[in-house]
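What follows is a set of notes on a single structure, which appears directly below.
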Amino acid sequence: MELLDGKKIANEVKEEIAQEVTQIKTNGGKIPYLVAILVGNDGASETYVGHKEKACAKVGFRSEVLRFDANISEDELLNEVHKLNNNPEVDGFIVQMPLPKHISDQKVIEAIDPKKDVDGFHPVNVGRMVIGLPAYVSATPDGIIELLRRYKIETSGKHCVVLGRSNIVGRPIANLLSQKGIPGDCTVTICHSRTKDIPSITRTADILIVALGQAEFVTADMVKEGATVIDVGITRVKSDTTKSGWKLLGDVKFDEVSPKCSYITPVPGGVGPLTIVSLLKNTLKASKKEIYG
Ligand code: GUN
């Protein structure tokens with residue numbers, strides 16, 4: 001069994017991006033510039049945006065957080081999005097989700113210029129990704145692809161089972177792995193809450209990707225000997241054994257599943273660290289006008 005070390009891979013990619021930014025600076029080029037819009041003061045969102053700012057600083061990007069009160073109106077927020085769309089200095093921007101209830105997430109996402117949508121949430125980017133055109137791919141599916149690529153995990157002709165059909169993980173990763181290429185060329189099955197006898201399907205998986213948000217859902221009897229298991233879940237649970245009084249659990253019962261695997265991601269330290277790297281990669285692509293010219 002080999003651990004898929006997301007932290008190590010994330011540091012490698014960040015180092016590569018930092019070197020490219022140094023080169024851009026030496027050549028007098030434009031430094032990539034990412035902006036994050038943060039509405040209200042949700043603790044988790046504050047933490048995520050803080051991590052994104054730190055990652056930008058680490059690779060030499062310019063970044064800024066625009067903070068707005070939780071009672072900003074939808075029209076006012078849409079106006080801020082339009083200003084960023086029209087600001088030539090800004091290469092890419094994100095609007096941190098979730099937004100307050102009186103604002104439509106979808107309306108805001110669709111107001112973002114797809115050329116600057118480095119989260120890859122806009123339907124134009126999702127649609128382009130689905131038909132195999134260059135597109136900004138959202139963070140978690142892109143992170144999974146990066147892990148499979150860097151560990152040179154064979155995907156061609158393999159049966160990949162995806163547990164979960166969310167717009168941001170299950171469906172895009174199922175789509176990407178079914179496409180031609182490396183990693184890709186998988187035969188893909190998506191399971192969800194209405195799927196009958198999930199264990200009989202997961203037991204046929206060469207690659208099992210779990211994105212349900214249900215702590216320790218996958219047990220050893222559900223996994224084929226020698227499988228690759230990618231665990232996207234992170235659930236915070238109370239714990240008597242840690243100093244903080246809580247711990248993070250994945251969607252896979254790691255202790256009993258890992259001995260059966262060829263490769264498995266730990267939680268934390270698996271897919272998670274690669275999600276911010278995807279945002280950095282997309283911002284670099286935006287500044288180089290790689291996707292849309
Ligand atoms: N909230 C949780 N994850 C994300 C993300 O990747 N992007 C944005 N914009 N909001 C999030």
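The values are calculated or read from the model by the stated rules, or taken from the named source; none is laboratory data. Nothing here was measured: the structure is a model prediction, and the numbers come from that model. With ideal geometry, Cβ positions are generated from the backbone for all residues, glycine too; neighbour counts draw on all protein chains shown.
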**OP:** Out of Lys158, Lys115, Lys83, Lys152, report the one residue that is more than 29 Å from Pro32 (Cβ to Cβ), more than 16 Å from the ligand (Cβ to nearest atom) and either under 20 Å from the mean Cα position of the chain (by Cα) or of a type outside the set (Gly, Ala, Ser) (or both).
**Re:** Lys158
Subject >> Answer from Gly245, Gly184, Gly213, Gly226 - the residue that is closer than 30 Å to Glu20 by Cβ, of a type outside the set (Ser, Thr, Tyr) and surrounded by fewer than 22 Cβ atoms within 10 Å (Cβ to Cβ) >> reply: Gly184
Original post:
If you go through segment 132-143 one residue at a time, do you hit one that is within 16 Å of the ligand (Cβ to nearest atom), at pLDDT 95 or above, surrounded by fewer than 19 Cβ atoms within 10 Å (Cβ to Cβ) and polar (S, T, N, Q)?
Top reply: no
Original post:
Filter segment 161-177 for residues that are among the small types (Gly, Ala, Ser) and outside any loop (DSSP other than H, G, I, E, B); which is farthest from the ligand (Cβ to nearest atom)?
Top reply: Ala174
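Here's the yes/no breakdown for (1) free of Cβ contacts under 8 Å to residues at least 12 places away in the same chain; (2) under 20 Å from Leu274 (Cα atoms); (3) out of contact with any strand residue (DSSP E or B) (no Cβ under 7 Å at 6 or more places or on another chain):
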| position | (1), (2), (3) |
| --- | --- |
| Asp69 | no, no, yes |
| Glu80 | no, no, no |
| Leu84 | no, no, no |
| Pro88 | yes, no, yes |
| Ile103 | no, no, yes |
| Leu133 | yes, no, yes |
| Pro141 | no, yes, yes |
| Ile168 | no, yes, yes |
Subject >> Options Ala18, Ala10; residue that is surrounded by 12 or more Cβ atoms within 10 Å (Cβ to Cβ) and within 16 Å of the ligand (Cβ to nearest atom) >> reply: Ala10
Subject >> Subset tally (residues that are part of a helix (DSSP H, G or I) and in contact (Cβ under 8 Å) with a residue 40 or more places away in the chain) for segment 107-127 >> reply: 4
**OP:** Report those strands (runs of 3 or more DSSP E) wholly inside segment 194-275 carrying at least 1 residues which are over 23 Å from the mean Cα position of the chain (by Cα).
**Re:** 235-238, 246-249
Original post:
Consider Ser63 against the criteria (1) away from the ligand (no atom under 16 Å from the Cβ); (2) touching a residue at least 12 places away in the same chain (Cβ under 8 Å); (3) polar (S, T, N, Q): it satisfies all of them except one. Which criterion is unmet?
Top reply: (1)
